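Reading through the structure tokens given below for one structure.
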Amino acid sequence: INRTMYLVALSGGADSVCLLLTLLAQGKVGAAAHCNFHLRGAESDRDEAFVRHLCAEKQVRLFVTDFDTQAEAARTGESIEMVARRLRYEWFAQLIASENLEGVAVGHHQEDNAETLLLNLIRGTGMQGLQGMQRVSYKQGFCIYRPLLNYTKSDILSYLQSQHQGYVTDSTNADTHYKRNKIRHEVLPLLQSMNPQVVAALNQMAQHLTEANGIYQLGLQQLYAQCELEPVPHHRHYKQLLREALAKQPHSTAILRELTAPYGFTSTQIADALKMRTGGLIINEKGLITCTPTHYIVGPLPTIMKKQVVNVPSLCSQHQIIVDADCTLEVSLVPIEKLKSWRCEKNELNIDVDAIKGPLVLRSIQQADRFRPFGMKGTKLVSDYLTNQHGSRLDKLTACVLADAQGILWLVGHRADDRTRLSAQTQQVLHLKIINYQ
């Protein structure tokens, strides 16, 4: 018997209550989680009270959290639906990690899958979107389990009736201002008038496309190999493929579209990329496409560009700053007599504390940035320095600098400014070490 334990996403609606009961019968419930988004006033509180009572009755551990969803949507500019989804999955990820659970179980069923397929079709999608939901998928490193995906809403309601189990109803499910509700209440009934089995047909189509996608991916990997797709040296998050080989491929548009799919580039941008000259750049909020004389390069938007600046505490005994998921900056204050070595590796820097003027920030390079490379005469544009070091457009986009109020102290991973030089008068040293940079 599979004793894998899941966090059950429990709204109190029919689908999630059915999910809880079926997984309880299988011994797979590690805990339940309920989000109160405070979007429906007293109804939201009613749902929470119902879930609390149900879990107490079934002796299920319950976690409950509150979100000010409207305030978050106003802050980020996202839709209410997108904010609610992001907030709950971020919270689920924390609970799964802290409770050592396999993943989260959600109550999606056949109609949900059909609605998702139609939504993706309306928005414009490729094969991935037409596969719909998968029984098991992964998000943010954890499993999303959909054990009800082969069942219909009618199956769920019949099961709850047989168990004499009540549930709550979300009044906003009838609001057709939401696209999913419009599909549920208007589009699907119209399609069912043409084909009463349209929900089953859409789910079967999704299954067929999932199977076909396996063959497609195999062919795609062979095409990638012909174009010599490989990691970019010194840039672990980026991939490159040969421009000349891609140009000879009759499927070049499809190859580049699939390679850039995680970053949401449009068909027009893909077409423009295929005509791009050396050093060209196409960028959006998620990723970038650029090219060297020999390669196309694709990857995520550099974290340092998205964050703009990362504040660095300059006077502390020890501190660790998370730059991105992999990269950290270690900062420590060291008396000169305890400094192990005045020499530094490329990923390290020693600064005379008295040389620091104002707050320290870690940021991407800017157009007019200049510094005086350690041991050299005169100042140099950072971009010129990187060009002289044979840096590519990607090197310049991912480069970052440590700066204070007077300017650049360190072109990270390359060279320090002469202002950081230690001397016989130095008493305190700020030691910085960047780990997994690029």
- Task: Return the sequence-ordered ³J(HN,Hα) values of region 363-380 in whole Hz as given by the Karplus equation 6.51 cos²θ - 1.76 cosθ + 1.60 applied to θ = phi - 60°, using x for Gly and Pro.
- Result: 8, 6, 6, 10, 4, 9, 4, 10, 8, 10, x, 3, x, 10, 8, x, 9, 9
- Fraction of beta bridges assigned by DSSP in region 332-417 that are antiparallel (%, nearest 5): 100
- In order over region 195-209: 3J(HN,Hα) from phi, Karplus 6.51/-1.76/1.60, θ = phi - 60°, whole Hz, x for each Gly or Pro, gives 8, x, 9, 5, 4, 5, 5, 5, 5, 5, 4, 4, 5, 4, 6
- Query: What accessible area per residue comes out for region 331-374, rounded to a whole number of Å², with a 1.4 Å probe?
  - Reply: 63
- Additional length obtainable on full extension of the chain from residue 197 to residue 213, 0.36 nm per residue less Cα span: 3.3 nm
- Grab the Cα-Cα distance for residue 281 and residue 140, subtract it from 0.36 nm times how many residues apart they are, and report the gain in nm with one decimal. 47.9 nm
- Item | Accessible-area composition of the chain, carbon plus sulfur, in percent [1.4 Å probe] | 51
- Going highest first, how would you order 328-341, 411-424, 260-273 by mean Cβ packing within 10 Å? 411-424, 260-273, 328-341
- Note on the structure: HN-Hα couplings for region 68-76 via Karplus (6.51, -1.76, 1.60; θ = phi - 60°), in whole Hz with x for Gly/Pro, come out as 8, 5, 5, 5, 5, 5, 5, 5, 9
- Note on the structure: For residue 380, the lysines lying under 28 Å Cα to Cα, once residues fewer than eight places off in the same chain are dropped, come out as 306, 307, 346, 357, 396, 433
- What FRET efficiency comes out for the pair residue 86/residue 377, r = Cβ-Cβ distance, R0 = 41 Å, nearest 0.05? 0.20
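Which FRET efficiency, nearest 0.05, do residue 127 and residue 242 yield, Cβ-Cβ r, R0 30 Å?
So the FRET efficiency works out to roughly 0.75.
What net charge do the residues around residue 375 carry, taking every other residue with its C-beta under 10 Å from that of residue 375, with Lys and Arg at +1 and Asp and Glu at -1?
Result for the local shell: +3.
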- region 86-145 - accessible surface per residue (Å², probe 1.4 Å): 46
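By DSSP, what percent of the beta bridges with both residues in the chain are antiparallel, rounded to the nearest 5?
For the chain, the DSSP antiparallel bridge percentage is about 80.
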- Note on the structure: Filtered hits (aspartates and glutamates, Cα-Cα < 14 Å from residue 179, offset >= 8 within chain) -> 81, 112, 115
- FRET efficiency for residue 368 and residue 26, Cβ-Cβ distance as r, R0 = 45 Å, nearest 0.05? 0.10
- Query: Taking amide H positions as placed 1.01 Å from N in the peptide plane, with prolines and chain starts having none, which residues 5 or more places from residue 409, or on another chain, fall under 5 Å of its amide H?
  - Reply: 402, 403, 404
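The values are calculated or read from the model by the stated rules, or taken from the named source; none is laboratory data. None of these values were measured; they are calculated from a predicted model. FYI the Cβ positions are ideal-geometry reconstructions off the backbone, even for glycines, and counts take in every protein chain you see. Surface areas here come from the heavy atoms of the whole protein model, side chains and all, with no ligands, DNA or RNA. Shrake-Rupley method; radii C 1.70, N 1.55, O 1.52, S 1.80 Å.
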